[in-house]
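**Student:** Let me give you the structure first, and then I'll get to my questions.
The values are calculated or read from the model by the stated rules, or taken from the named source; none is laboratory data. This structure is a prediction, so every number in the text was calculated from the model and none was measured. Cβ atoms come from the backbone with ideal geometry, glycine included; neighbour counts cover every protein chain shown.
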Amino acid sequence: MLLLLGRKLLPEKPDVIINIIDSSNLERNLLFTTQLLEIGIPVVIALNKQDVIRRNGDRIDLEGLSKDLGCQAVEGVANVGDGLKQLIEKVVATDLKKNAEKIANLKNDQEREIFIKDLVKKNIVKKKNSNEVTFSDKVDRIVANAYLGIPIFAVIMWGIYAFSINGFGGFLSGYINDSLFGEIIPNAANGFFESLGVNPLLQALIVIAPMLIPLGFLGWQMAAATLTGFIAKENVVATFAIILAASDQALHLVGGPLTELFTPVTAFAFLVFNLFTTPCFAAIGAMNTEYQSRKWLTRAVLFQLAVGYTLAMLITQIGTLIVYGELAVGFVPAIFMAGLLYYLIKRSKYKNKTVLVEEGV
């Protein structure tokens, strides 16, 4: 872009321009490509998002596209490094004295658009006919109608709310809060450890997820509230109300039942933990639809969990030391977890660096 504006991108004229374009929107992106070709500097095109093209059943005639544009083109998927080595090889092998001549006769933007449309039509083999009206198109014509769209949206939202509160969603949420975490799990766990003669404090340490100890969240109550929060964050308050046999209003009182579980520092850490971790199952479902990849969905969820976990751990450990002048519960496990997180980050950087070296970067 800086070259098109007439500014110097580098102290000297670059030998090659690598133009990375979105293959799923080829027609729109090639407009910029033709402008780059007019500069007179050799261009190598990196056709990114080939995974989207293949998933749709389409195919790009790489040889034909390169021939028609008068420059080299390479397929790839940037987020996994696919095609990086081939791109570097094409850049190295590019004839620096050869300029594209295919677009030299384009006089205006109208001719440029016609050229690109013909180019795309010629070099993209589509599995589906773009003019075919699909079932999704028919549905869109109804739900996105200028007059019917808003009433249909209102009815759908009402239905979702009714299903969530009064329907199966309300029943499931009530069962999890009232029965599962309110009676079944606590009674079973307490009965089991009491039969073994285990100290009550040790019971709490065993029942809760050990990963929560560095955060200062001791007791199965916090673990239960955290788990129900993954269904919907509002369940956290409802779970505490059921476990502590208190009303929602009582939970908000200063010196109320929550003081049995939290200090002001750990309460703030708990809020931050729930704020930055994965919102709810519905959000995970939306992320899965957008990513269309279980691997990237898992990475995103783990990243959110890691951010919330790290922030909560720092707040608990540092906050307790500053406010109370003493080490927080779980200080030693927190040191271990901090070291583990540091190792995982360093390992990830080393792995990425190794991949780049192997690809020849």
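**Student:** For region 209-243, give me each residue that is among the aromatic types (Phe, Trp, Tyr) and in a helix (DSSP H, G or I).
**Tutor:** If the condition is that a residue be among the aromatic types (Phe, Trp, Tyr) and in a helix (DSSP H, G or I), then Trp220, Phe240 are the ones that fit.
**Student:** Here is a follow-up. Can you report the number of residues in region 15-30 which are surrounded by 15 or more Cβ atoms within 10 Å (Cβ to Cβ), of a type outside the set (Val, Ile, Thr) and touching a residue at least 60 places away in the same chain (Cβ under 8 Å)?
**Tutor:** 2
**Student:** Given the structure, is Met313 over 19 Å from the mean Cα position of the chain (by Cα), modelled with pLDDT of 85 or more and either assigned to a helix (DSSP H, G or I) or of a type outside the set (Ser, Thr, Tyr) (or both)?
**Tutor:** Yes: the conditions hold for Met313.
**Student:** Shifting gears a bit: Within region 316-336, which residues are crowded, with 19+ Cβ neighbours inside 10 Å and either in a helix (DSSP H, G or I) or polar (S, T, N, Q) (or both)?
**Tutor:** Matches in region 316-336: Thr316, Gln317, Thr320, Ala334.
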